[in-house]
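Undergrad: Quick one: this structure, given as structure tokens, is what I'll be asking you about.
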Amino acid sequence: MGLSLHDHFTIFFTILIKSGLPLTLKLVLGSFLGACAIGLAGGVIRGLKIPVLDQILGLYAQLCRGIPDMLVLLFFYAVMVYGSTYSISVLAISVIQGAYMQEIIKGGILSIDKGQWEAARAMSLPVPVVLFRIVIPQVMLIAMPALIGQVVLLIKGTSVASTIGCLELTKRGVIAMARFSNALVVYGYILIIFFILCHALTMLGRRVERKVTRKVMGDLYE
């Protein structure tokens, strides 16, 4: 039996948009902040090639690349005795995405001309000043396309939180399936919502990238 217009409204608006989307956006925000903190700290350490820490963070990045996201989440869920499914999901996704972000930032730092470092040393500028006033702003510009792409992957990655019962979009869809038994409609709506979120962020990122590049390059920008 087909779904009525009221059923479509209930699935799309009441269950997915009203109940599932807010928690998904909270997951995105919390995970993004956590991943940025991990990525910035790890990227700076790896970019400066600090002994021991650089090797440890390199191993951390390799582990996160080689282990499925769902298994990382399930590991945290099994290990953490306390904490809600939301907090566990945010922590796990932050750890996963932070590993990728640190490698992006590391690459940006290594791409900075060595002459700038030498000039900073000649002027006896403290390393924190060189990093956060000279190097990091340039790194953000260089790494912006890759970072935006990583945030899009982060948004899509929040769906793994459904495996531990976090009531985000995908989990709400699974629950809705028990009531409406129409996978095409339920998961189709979830697909549309995720596509809109990711596409909107991609378009916004391109506009920001063009604006920042134009501001930095001035008349050289075409």
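Undergrad: Test Ala92 against the criterion of being under 22 Å from Thr163 (Cβ atoms), touching a Leu at 6+ places or on another chain (Cβ under 6 Å) and surrounded by 14 or more Cβ atoms within 10 Å (Cβ to Cβ), and give yes or no. Explain how you work it out, then say what you get.
TA: Working: under 22 Å from Thr163 (Cβ atoms): yes; touching a Leu at 6+ places or on another chain (Cβ under 6 Å): yes; surrounded by 14 or more Cβ atoms within 10 Å (Cβ to Cβ): yes.
Considered against the rule, which asks whether it is under 22 Å from Thr163 (Cβ atoms), touching a Leu at 6+ places or on another chain (Cβ under 6 Å) and surrounded by 14 or more Cβ atoms within 10 Å (Cβ to Cβ), Ala92 comes out as yes.
Undergrad: So which of Ile56, Ile88, Ile96, Ile38 is at pLDDT 95 or above, of a type in the set (Val, Ile, Thr), more than 22 Å from Val135 (Cα to Cα) and under 13 Å from the mean Cα position of the chain (by Cα)?
TA: Numbers: Ile56 fails: under 13 Å from the mean Cα position of the chain (by Cα); Ile88 fails: under 13 Å from the mean Cα position of the chain (by Cα); Ile38 fails: more than 22 Å from Val135 (Cα to Cα).
Selected residue: Ile96, the only one of Ile56, Ile88, Ile96, Ile38 that is at pLDDT 95 or above, of a type in the set (Val, Ile, Thr), more than 22 Å from Val135 (Cα to Cα) and under 13 Å from the mean Cα position of the chain (by Cα).
Undergrad: Could you count how many residues in the stretch 60-69 are among the aliphatic types (A, V, I, L, M) and either surrounded by fewer than 16 Cβ atoms within 10 Å (Cβ to Cβ) or touching a His at 6+ places or on another chain (Cβ under 9 Å) (or both)?
TA: Result for the stretch 60-69: 2.
Undergrad: Looking at Glu209, Glu118, can you tell me which residue is in contact with a Pro (Cβ under 7 Å, 6 or more places away or on another chain) and not aliphatic (A, V, I, L, M)? Give the steps one after another, and end with the answer.
TA: Numbers: Glu118 fails: in contact with a Pro (Cβ under 7 Å, 6 or more places away or on another chain).
Sole residue among the options that is in contact with a Pro (Cβ under 7 Å, 6 or more places away or on another chain) and not aliphatic (A, V, I, L, M): Glu209.
Undergrad: Can you find a residue that is closer than 30 Å to Phe12 by Cα, over 19 Å from the mean Cα position of the chain (by Cα) and of a type in the set (Gly, Ala, Ser) anywhere in the stretch 144-165? Walk me through how you get there before you give the answer.
TA: First, the residues of the stretch 144-165 that are closer than 30 Å to Phe12 by Cα: 148-165.
From what's left, over 19 Å from the mean Cα position of the chain (by Cα): 164-165.
Pick out the ones that are also of a type in the set (Gly, Ala, Ser) and you get 165.
Yes, there is a match, as at least one residue in the stretch 144-165 is closer than 30 Å to Phe12 by Cα, over 19 Å from the mean Cα position of the chain (by Cα) and of a type in the set (Gly, Ala, Ser).
Undergrad: Considering each residue of the stretch 1-59, count those that are charged (D, E, K, R) and either buried (at least 17 other Cβ atoms within 10 Å of the Cβ) or under 30 Å from Leu167 (Cα atoms) (or both), and give that number. Even if it seems obvious, please write down each step before you answer.
TA: Of all residues in the stretch 1-59, those charged (D, E, K, R) come to 7, 18, 26, 46, 49, 54.
From the residues that got through so far, the ones that are either buried (at least 17 other Cβ atoms within 10 Å of the Cβ) or under 30 Å from Leu167 (Cα atoms) (or both) too are 7, 18, 26, 46.
Residues that pass the stated criteria total 4.
Undergrad: Which of (1) closer than 30 Å to Glu103 by Cβ; (2) free of Cβ contacts under 8 Å to residues at least 24 places away in the same chain; (3) surrounded by 13 or more Cβ atoms within 10 Å (Cβ to Cβ) does Glu168 not meet, given it meets every other one?
TA: (2)
Undergrad: Just the residues that are within 27 Å of Leu201 (Cβ to Cβ) and in contact with a helix residue (DSSP H, G or I) (Cβ under 7 Å, 6 or more places away or on another chain), please, taken from the stretch 113-146. Steps first, answer last, please.
TA: Quick first cut of the stretch 113-146, residues within 27 Å of Leu201 (Cβ to Cβ) only: 132, 135-146.
Result: Val135, Val139, Leu141, Ile142, Ala143, Met144, Pro145, Ala146.
Undergrad: Among the residues of the stretch 1-47, which ones are outside any helix (DSSP H, G or I) and without any contact (Cβ under 8 Å) to a residue 40 or more places away in the chain?
TA: From the stretch 1-47, those outside any helix (DSSP H, G or I) are 1-4; that's our starting set.
Of everything in the stretch 1-47, those that are outside any helix (DSSP H, G or I) and without any contact (Cβ under 8 Å) to a residue 40 or more places away in the chain turn out to be Met1, Gly2, Ser4.
Undergrad: Among the residues of the stretch 62-100, which ones are of a type in the set (Gly, Ala, Ser) and either closer than 17 Å to Ser31 by Cβ or not in a helix (DSSP H, G or I) (or both)? Outline the logic, then answer.
TA: If we filter the stretch 62-100 for residues that are of a type in the set (Gly, Ala, Ser), which is where we start, we get 66, 78, 83-84, 87, 89, 92, 94, 98-99.
Correct list: Gly83, Ser84, Ser87, Ser89, Ala92, Ser94, Gly98, Ala99.
The values are calculated or read from the model by the stated rules, or taken from the named source; none is laboratory data. Because the structure is a prediction, the values reported are computed rather than measured. No Cβ is skipped: glycine too gets one built from the backbone with ideal geometry, and neighbour counts run over all protein chains shown.
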